[in-house]
Amino acid sequence: MNNVKALTIFSFIFLTAAFNCFSQCDNEDFLDKCSSQLNEFTFVKSFESSKKTEFSYVFSKDHSYVLTVCDNSTAKGKMMVNLYDRNHKLITSSYNKASKKYYPAISYNCSATGVYYIETDFSDSNCCGVSILGYKK
């Protein structure tokens, strides 16, 4: 009987933590916080993620793009955003492996119109985040 009780308590704690983690991505304040980082860039699209996910988007030549990174990070993990070209070659990332530093946004000056890939991933977290794509000509 003690094992059932312990399992019930563990399940309750796990589900409560998971609900708290994912609910932070669903509220408007979280998205508003991230969009405020766009500054002079025009909002294009937001990408919500709770696991490694890839999105595609057509970028236009002679436009500048920014990808903001907002997460409910903990000491254990943070969200990172990677931008790849049409051949899936990494262009830039919000995480610098050499310095182990995370950046709140990345920018890219597009030199060729085409499909680009935006990958969101987490270093060590079951939580979630939002990345917002913005552009300016």
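The values are calculated or read from the model by the stated rules, or taken from the named source; none is laboratory data. No experiment lies behind these values; they were computed from the predicted model shown. Cβ sites come from the backbone with ideal geometry, for glycine too, and all protein chains shown count toward neighbours.
Observations
- Close contacts from region 39-65, counting a first residue that is touching a residue at least 24 places away in the same chain (Cβ under 8 Å) and in a loop (DSSP other than H, G, I, E, B) and a second that is aliphatic (A, V, I, L, M) and surrounded by 15 or more Cβ atoms within 10 Å (Cβ to Cβ), with Cβ to Cβ under 7 Å and a gap of 6+ residues or different chains, come to PHE41/VAL66.
- Breaking point among (1) outside any strand (DSSP E or B); (2) in contact (Cβ under 8 Å) with a residue 24 or more places away in the chain; (3) over 18 Å from LYS52 (Cβ atoms), for CYS127: (3)
- Residues satisfying the stated conditions in region 91-109, i.e. part of a loop (DSSP other than H, G, I, E, B) and either among the polar types (S, T, N, Q) or under 8 Å from MET80 (Cα atoms) (or both): SER94, SER99
- Boolean, VAL66 is at pLDDT 95 or above and under 23 Å from ASP32 (Cβ atoms): yes
- Considering region 95-115, and only residues there that are closer than 18 Å to SER49 by Cα and of a type in the set (Phe, Trp, Tyr), the residue that is surrounded by the fewest Cβ atoms within 10 Å (Cβ to Cβ) turns out to be TYR103.
- Scanning region 110-124 for residues that are assigned to a strand (DSSP E or B) and in contact with a Lys or Arg (Cβ under 6 Å, 6 or more places away or on another chain) yields GLY114, VAL115, ASP121.
- Single residue of region 59-76 satisfying the filter (surrounded by fewer than 16 Cβ atoms within 10 Å (Cβ to Cβ) and under 16 Å from the mean Cα position of the chain (by Cα)) that is nearest to LYS45 (Cα to Cα): THR74
- Yes/no for VAL130 being among the aliphatic types (A, V, I, L, M) and either at positive phi or in contact with a helix residue (DSSP H, G or I) (Cβ under 6 Å, 6 or more places away or on another chain) (or both): yes
- Residue match in region 20-29 (condition: within 30 Å of VAL115 (Cβ to Cβ), modelled with pLDDT of 80 or more and surrounded by 12 or more Cβ atoms within 10 Å (Cβ to Cβ)): no
- If only residues of region 46-58 that are under 20 Å from ALA112 (Cβ atoms) and not polar (S, T, N, Q) are counted, the one that is farthest from the chain's Cα centre (by Cα) is VAL58.
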